Amino acid sequence: MAEQKTGANHRQFARAPIELKVDYKKLNSFFADYTKNISKGGTFIKTKKPLPIGTRFLFKLTVPQREHPFELLGEVVWSQGDAEEPGMGIRFIYNDDSQRGDFEGVVERLMADSLGTQLTEKLLNKQLHVE
């Protein structure tokens, strides 16, 4: 089991506690799990059967007020199978700058809806100064 990297020192992007449905395929089985939090750079997927670190997979993220799920490539960067809250940390891998821009806009809207506009702006501005 890999250790979870926590704290602001290890995170490149601000995260918001948002639960979204995630569909993905592992071997020949389809799974539907939920995110615990999300940022522009990645997400934590709650699952009792996390994929091995380094696994790349295509997943569909169901986003409110969006007609179709967002399809993204992700890579497992850490996992915790035996923890109190099992799951895996996913880093988003974008096809191009257009996909990155579209998805980052969606994440900002989700953060604003979850945390409020003022707190989201503070988090995003703080992030700009840290990077």
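Some observations on this one:
- Label-to-label distance for residue 67 and residue 112 is 2.2 nm, based on points extended 7 Å past Cα in the beta-carbon direction.
- Sulfur and carbon atoms: percent of accessible area, segment 13-103 [1.4 Å]: 47
- Under 5 Å between amide hydrogens, built in the peptide plane, is the criterion, and for residue 63 it picks out 70 among residues at least 5 positions away or on other chains.
- Amide H partners (placed H, <5 Å) of residue 42, local residues excluded: 92
- Filtered GluC sites (Glu not before Pro), segment 34-86: DSSP coil and at most 10 other beta carbons within 10 Å: 67, 84
- Protection proxy ranking, peptides 37-46, 23-32, average beta carbon neighbours within 10 Å, highest first: 37-46, 23-32
- For segment 75-90, 3J(HN,Hα) computed residue by residue from phi via the Karplus equation (6.51, -1.76, 1.60; θ = phi - 60°) reads 10, 6, 9, 7, 8, 9, x, 9, 7, 4, 10, x, x, 9, x, 10 Hz, glycine and proline entered as x.
The values are calculated or read from the model by the stated rules, or taken from the named source; none is laboratory data. Keep in mind that this is a model prediction, so the values were computed, not measured. Please note: Cβ atoms are built from the backbone with ideal geometry, for glycine as well, and neighbour counts cover all protein chains shown. Areas reflect the complete protein model, heavy atoms only, side chains present, ligands, DNA and RNA absent. Shrake-Rupley method; radii C 1.70, N 1.55, O 1.52, S 1.80 Å.
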